[in-house]
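First comes the structure, then the notes that go with it.
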Amino acid sequence: MAYKYFIDNREYVEALRKSGDLVDIHEEVDWDLELGAIVRRTCEKKGPAPYFHKIKDYPGFSAFGAPIATWRRLAVVLGLPPETPISGIVDEWRRRTSGPCHKPEIVDKKDAPCKEIILDGDDISLFDLPAPMVHDGDGGRYIGTWHFIVAKDEETGFVNWGMYRQMIFDEKTMVGPVLPFSDMGKIFYTKYEAKGKPMPFATVIGPDPLSALASLAPTPLPEAEFTGQLMGEPVKLVKCETNDLYVPATAEIVIEGEVLPNARLEEAPFGEYTGYRTSPRDKRCVYRVKCITMRKNAIMTVSNMGVPVDEGQLLRSFTLAMDMELLLKSQGLPITGVYMWPESTHHLLVVGVKPVYSGIAQQVASLVLGSKAAAWFHIVVVVDDTTDIYSLEEVIHSICTKWHPVRGTILMPFGAGTPLNPFASPEERFSQKSPKVVLDCTFPLEWPKAFLPTKVSFREVYPKDVQEKVIKNWKDYGFKD
């Protein structure tokens, strides 16, 4: 049975309008910084998503900023009331991701809105699309900020959807980084560039919200099947015009072409998810465009990465934590939950455990820091089951009272990292290495029971019947909430 989901951004925008999580901006805005500045400010204020009806120089287009940059909007994407707490969103994610998988359904191009306009040959110019100058100081106009790129391993048939930033270089050329450890990087560098072959690609701008979520979530499933799992039924795909890749039929804009082997052009700098500009101008992968297809009155989707919280941080943190929880539970560890605050720019992982034997923090560290996703975080905090992992106040209290600075610290001087870590040395960024640290915030099991400190809180030091009475009579005492 299908879950509640939105078939495209147009349905989703309407839902956000009804829930009060979207602002319609009818005043003309400039694609050169003004649009980006508005998106950035609403992210920092955790405000509603801006929908731009009038973009300077681009009549007929609109733009949708910060599509899923708040927990409220993520709840809406998953068919929940916007005020659903994080734990409720986690429960819905677990429910959907434990359901059956669905292979995509292929539809004819006449049934695919993304084919309403088809441009090729001399009709192609990337500058005809309202790509914004996102931040002052960026190396160019970034057309790929809320999108994904489709790439295929032609030997195995494996297809990857992944979000890799793309900057316009000229009318028919884009450029962007492809990290070697990423799924697309492994396909391109080892299966195409090593043989001197161009790699077909399709950039999907403005996919439906669940396809976008699937493209940035770590999953062992092909992302198209994972999208079907989240939807509860197959996602509809349509074949590209110039290659054998398939894209969501309801996407707003699709750019097709080839990634050129052994070709590099200058890209960046760019403001990144860490909240800093750490990516210097350098020569990076080259995308040569052969065709553009799009809907009439296409919507340009825009994410503006910077200091928290934007959708890159929120969704990456959420899906990384879910993936790490699955990994730890698959090994039978006594895990109570896993969470990442988006404010940590997915650098800090909190793991709740039942400390039923010694050395659990070491076990947790070995697994999560040895995982494929470990390059994206470097701080692991292990707390016991008396700590609410979703409560910033409780986790900080646990760190400051249960973590022993010497006995409770596990250091890993060398681990996988990314070139974007602001704290990393130039050498560490270049070599993509990162030190890691684990904070064990559990009391040693060998301590005598009488020596264990008693937590003094409403939940811990009052009898159940007293708690229930106080909660029941709370408003009668005169409290409003």
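The values are calculated or read from the model by the stated rules, or taken from the named source; none is laboratory data. Treat the numbers as computed from the prediction; the structure is a model and nothing was measured. When we count neighbours, we look across all protein chains shown, and the Cβ atoms used for this are built from the backbone with ideal geometry, even at glycine. Heads up: the accessible areas ignore ligands, DNA and RNA and are worked out on the full protein's heavy atoms, side chains in. Shrake-Rupley method; radii C 1.70, N 1.55, O 1.52, S 1.80 Å.
You will find that of ALA75, ALA69, the residue that is touching a residue at least 40 places away in the same chain (Cβ under 8 Å) and either buried (at least 16 other Cβ atoms within 10 Å of the Cβ) or touching a helix residue (DSSP H, G or I) at 6+ places or on another chain (Cβ under 6 Å) (or both) is ALA69 and no other.
Scanning segment 181-196 for residues that are over 19 Å from SER215 (Cβ atoms) and not aromatic (Phe, Trp, Tyr) turns up THR190, LYS191, GLU193, ALA194, LYS195, GLY196. If you go through segment 415-432 and keep only what is farther than 19 Å from LEU348 by Cα and in a loop (DSSP other than H, G, I, E, B), you end up with just SER425.
With respect to ALA214, determine if the residue is at pLDDT 95 or above and either open to solvent by less than 10 Å² (accessible area, probe 1.4 Å) or of a type in the set (D, E, K, R) (or both). Reasoning before the result, please.
Numbers: at pLDDT 95 or above: yes; either open to solvent by less than 10 Å² (accessible area, probe 1.4 Å) or of a type in the set (D, E, K, R) (or both): yes.
So ALA214 fits the description; yes.
Consider segment 22-39 and keep the residues that are more than 16 Å from ILE143 (Cα to Cα) and crowded, with 20+ Cβ neighbours inside 10 Å. The one that is farthest from the chain's Cα centre (by Cα) is VAL29. Scanning segment 366-389 for residues that are more than 30 Å from SER182 (Cα to Cα) and touching a strand residue (DSSP E or B) at 6+ places or on another chain (Cβ under 6 Å), we see that the one that is surrounded by the fewest Cβ atoms within 10 Å (Cβ to Cβ) is ASP385.
Which is open to solvent by less than 10 Å² (accessible area, probe 1.4 Å) and touching a helix residue (DSSP H, G or I) at 6+ places or on another chain (Cβ under 7 Å), of PRO234, PRO248, PRO308? Spell out the reasoning first.
Values: PRO234 fails: open to solvent by less than 10 Å² (accessible area, probe 1.4 Å); PRO308 fails: open to solvent by less than 10 Å² (accessible area, probe 1.4 Å).
Every option except PRO248 fails the conditions.
With respect to the conditions (1) at pLDDT 95 or above; (2) within 17 Å of PRO100 (Cα to Cα), PRO220 falls short on a single one, namely (1).
From the list ALA373, ALA298, which residue is touching a residue at least 24 places away in the same chain (Cβ under 8 Å) and farther than 30 Å from SER431 by Cβ?
Working: ALA373 fails: farther than 30 Å from SER431 by Cβ.
Only one candidate qualifies: ALA298.
Quick one: would you say VAL286 is under 24 Å from the mean Cα position of the chain (by Cα), β-branched (Val, Ile, Thr) and open to solvent by less than 20 Å² (accessible area, probe 1.4 Å)? Before you say what the answer is, go through the steps one by one.
Values: under 24 Å from the mean Cα position of the chain (by Cα): yes; β-branched (Val, Ile, Thr): yes; open to solvent by less than 20 Å² (accessible area, probe 1.4 Å): yes.
In short, yes.
Restricting the first residue to segment 132-147 and requiring it to be within 17 Å of LYS56 (Cβ to Cβ), which pairs with a second residue that is among the hydroxyl-bearing types (Ser, Thr, Tyr) and part of a loop (DSSP other than H, G, I, E, B) meet a Cβ separation below 6 Å and a spacing of at least six or different chains? Going by the 6 Å Cβ cut-off, there are no qualifying pairs.
Which residues, taken from segment 290-305, are open to solvent by less than 10 Å² (accessible area, probe 1.4 Å) and assigned to a strand (DSSP E or B)? Outline the logic, then answer.
Of segment 290-305, the ones open to solvent by less than 10 Å² (accessible area, probe 1.4 Å) are 291-293, 298-304.
Scanning segment 290-305 gives CYS291, ILE292, THR293, ILE299, MET300, THR301, VAL302.
Checking the structure you have, find out if any residue of segment 390-407 is under 30 Å from PRO280 (Cβ atoms), open to solvent by 30 Å² or more (accessible area, probe 1.4 Å) and in contact (Cβ under 8 Å) with a residue 60 or more places away in the chain. Among the residues of segment 390-407, not one is under 30 Å from PRO280 (Cβ atoms), open to solvent by 30 Å² or more (accessible area, probe 1.4 Å) and in contact (Cβ under 8 Å) with a residue 60 or more places away in the chain, which makes the answer no. Assessment of segment 320-338 against the conditions (in contact (Cβ under 8 Å) with a residue 60 or more places away in the chain, assigned to a helix (DSSP H, G or I), among the aliphatic types (A, V, I, L, M) and open to solvent by less than 20 Å² (accessible area, probe 1.4 Å)) yields at least one matching residue. Against the numbered list (1) surrounded by 15 or more Cβ atoms within 10 Å (Cβ to Cβ); (2) in contact with a strand residue (DSSP E or B) (Cβ under 8 Å, 6 or more places away or on another chain), LYS56 comes up short only at (1).
Considering segment 433-481 alone, what residues qualify as being of a type in the set (A, V, I, L, M) and either assigned to a strand (DSSP E or B) or open to solvent by less than 50 Å² (accessible area, probe 1.4 Å) (or both)? Break it down stepwise before answering.
Here is the first cut: in segment 433-481, the residues of a type in the set (A, V, I, L, M) are 437-439, 445, 450, 452, 456, 461, 466, 470-471.
If the condition is that a residue be of a type in the set (A, V, I, L, M) and either assigned to a strand (DSSP E or B) or open to solvent by less than 50 Å² (accessible area, probe 1.4 Å) (or both), then VAL437, VAL438, LEU439, VAL470 are the ones that fit.
Touching a Gly at 6+ places or on another chain (Cβ under 9 Å), more than 30 Å from VAL368 (Cα to Cα), at pLDDT 95 or above and among the β-branched types (Val, Ile, Thr), is that true of ILE335? Criteria not met by ILE335.
Listed here are the residues, each with its yes/no results for (1) open to solvent by less than 40 Å² (accessible area, probe 1.4 Å); (2) in contact with a helix residue (DSSP H, G or I) (Cβ under 6 Å, 6 or more places away or on another chain); (3) at pLDDT 95 or above.
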position	(1), (2), (3)
ARG96	yes, yes, yes
PRO104	no, yes, yes
LYS109	no, yes, yes
ASP122	no, no, yes
ASP128	no, no, yes
VAL134	yes, yes, yes
ILE149	yes, no, yes
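Would it be correct to say that GLU325 is of a type in the set (Asp, Glu) and at pLDDT below 95? No, not satisfied. For segment 158-178, filtered to residues that are of a type outside the set (Asp, Glu) and open to solvent by 40 Å² or more (accessible area, probe 1.4 Å), the residue that is nearest to LEU245 (Cα to Cα) is VAL159.
Would you tally the residues in segment 163-185 being modelled with pLDDT of 95 or more and over 20 Å from ARG141 (Cα atoms)? The number of residues fulfilling the criteria is 2.
Taking each residue of segment 341-360 that is farther than 15 Å from LYS436 by Cα and open to solvent by 30 Å² or more (accessible area, probe 1.4 Å) and looking for partners that are in a loop (DSSP other than H, G, I, E, B) and basic (Lys, Arg) with beta-carbon atoms closer than 6 Å, six or more apart or interchain, yields nothing. On inspection, ASP136 fails the criterion of being in contact with a Lys or Arg (Cβ under 8 Å, 6 or more places away or on another chain) and of a type outside the set (Ser, Thr, Tyr).
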